[in-house]
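Down below is the structure, laid out as structure tokens.
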Amino acid sequence: MTVDSSAASQPRRSAAGKAGTTGSKTGTKRTTRTTTKKSTDPELVQLLTPEGKRVKNAEYDAYVAGITSEELRGLYRDMVLSRRFDAEATALQRQGELGLWASLLGQEAAQIGSGRATREDDYVFPTYREHGVAWCRGVDPTNLLGMFRGVNHGGWDPNSNNFHLYTIVIGSQTLHATGYAMGVAKDGADSAVIAYFGDGASSQGDVAESFTFAAVYNAPVVFFCQNNQWAISEPTEKQTRVPLYQRAQGFGFPGVRVDGNDVLACLAVTKRALERARSGEGPTLVEAYTYRMGAHTTSDDPTKYRADEEREAWEAKDPILRLRRYLEVANHADEGFFAELEAESEALGRRVRESVRAMPDPDNFAMFEHVYADGHALVDEERAQFAAYQASFADVEGA
């Protein structure tokens, strides 16, 4: 089943403004704007409605036809534990234990559905928010936090799980993924590559270049765009005049939009795209239409650029609640399962908290290493200045 995209049916407020204003406690006014539905709005693949009702789709049902009750519970467990880990990481940052954190809140279905569609021999290139995908690839959650605490540059061996280190430079990993996929094809390997990026990254030149190379060389790569509708404070309509998945047409390969809050649909769509890649049919662009329910990172305040009503509308489409409703109605899980999972979730939170607090403090002088292969006088000068600055704190404490 395909349904009308909710992009146009939900209110959006931003600084761009609509007719009318809203008052604030300070007496200032904030302009708002509501997007209205157009006849050209796209459709998206959906297998579970927000109410948890299973709907048929002739094109994608086959990719989840054999899914068992145990596997459905597994998808739910993945999403719940990923959210619990994410919440703990956010709390740790607020307590000064991490320098920064990029939350996945609201995007669990897109990440778990697509992550569970991959095979062990596939290779994954994430951005910096793919904590749920990392979970699916077997990366210990605590390993994700070392970089955000400043104690390492990633914390895991990418080749152990075929899961590359997080990429902070926006969009560059799509080129890495495309090059890797071209190598896979030349080697004749029966595997695929998947690259994750956001709607904001889709405007980067690196992404366009990767589309070109992937199409021309028929690379076995899936481009998975999590369209959470906000590139920090910039709404998607300020970045593109067409739905993102339609961009693939201009490069000569297919694109599909999927309900990013529907874990079954994300699983099915990604499975098909990966199968196309492995069989030599080339790249696919998957746009998972979802919503970032939290801040872009913990340094961001989303209340400054979007309305509470928008978030509330999307909370009703919560991916975890959606699958739970389906599990309960279809008798795939009982209260005992949910109670055990709650206990497991709390245990995970405690383990993450204890592990992070046991990590060593970052080496303040490590940033001066490996800047130049043979050293540099300016770096030496900066190191000396920083050492004097650090020593000044010790002088104050000893006074």
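For the chain, the fraction of 1.4 Å probe accessible surface lying on carbon and sulfur atoms is 51 percent. Note on the chain: dipole from Cβ charges, positive end direction compared against TYR372, PRO220, TYR289; the farthest Cα belongs to TYR289.
If I take R0 = 30 Å and measure r between the Cβ atoms of THR297 and SER392 in this structure, what FRET efficiency does the formula 1/(1 + (r/R0)^6) give, to the nearest 0.05? For R0 = 30 Å, the calculated efficiency reads 0.50. Rounded, prolate or oblate for segment 41-157? Axes are the square roots of the Cα gyration tensor eigenvalues, ordered a ≥ b ≥ c, and the cut-off for rounded is a/c under 1.5. It is prolate, given that a/c is not under 1.5 and a/b is the larger ratio.
Going by a ≥ b ≥ c, the root eigenvalues of the Cα gyration tensor, does segment 112-260 fall in the rounded group (a/c under 1.5), the prolate group (a/b larger than b/c) or the oblate group? Oblate, since a/c reaches 1.5 and b/c is not below a/b. Pairs from the table (LYS56/LYS317; LYS186/LYS271; LYS56/LYS238; LYS53/LYS271) lying more than 27 angstrom apart at Cα are LYS56/LYS238. Of the residues ASN143, GLY260, VAL169, the one whose Cα sits farthest towards the positive end of the charge dipole of segment 130-275 is GLY260 (charges of +1 on Lys and Arg Cβ, -1 on Asp and Glu Cβ, taken about the Cα centre).
With a Förster radius of 51 Å applied to the beta-carbon distance between ASP361 and LYS238, the computed FRET efficiency rounds to 0.80.
Of the residues PHE223, PHE251, PHE337, the one that moves most in a GNM of the chain with alpha-carbon contacts below 10 Å is PHE337. Full extension of the chain between ALA384 and GLU354 yields a length gain of 7.3 nm, computed as 0.36 nm times the residue separation minus the alpha carbon distance. Counting only heavy atoms of the protein chains and using a 1.4 Å probe, ARG119 has close to 80 Å² of accessible surface. Under a model in which nothing but the beta-carbon of Lys, Arg (+1) and Asp, Glu (-1) is charged, the chain shows a dipole of about 1680 debye around its Cα centre.
The heavy atoms of TYR60 offer some 10 square angstrom of accessible surface to a 1.4 angstrom probe.
The Cβ shell under 9 Å around MET293 holds other residues with a net charge of 0, Lys and Arg each +1, Asp and Glu each -1.
Is segment 215-271 best put as rounded, prolate or oblate by its Cα gyration tensor, with a ≥ b ≥ c the root eigenvalues, rounded for a/c under 1.5, and otherwise prolate when a/b is larger than b/c, oblate when not? Oblate, because a/c is 1.5 or more while a/b does not exceed b/c. Projecting label points 7 angstrom from Cα along Cα→Cβ for VAL329 and GLU309 puts them 2.8 nm apart.
Accessible-area rank, largest first, for TRP156, TRP135: TRP135, TRP156, with all protein chains present and a 1.4 angstrom probe.
The values are calculated or read from the model by the stated rules, or taken from the named source; none is laboratory data. Model, not experiment: these values are computed from the prediction. All Cβ positions, even for glycine, are placed from backbone atoms using ideal geometry, and neighbour counts span all protein chains on display. Heavy atoms of the whole protein, side chains included, go into the accessibility calculation; ligands, DNA and RNA do not. Shrake-Rupley method; radii C 1.70, N 1.55, O 1.52, S 1.80 Å.
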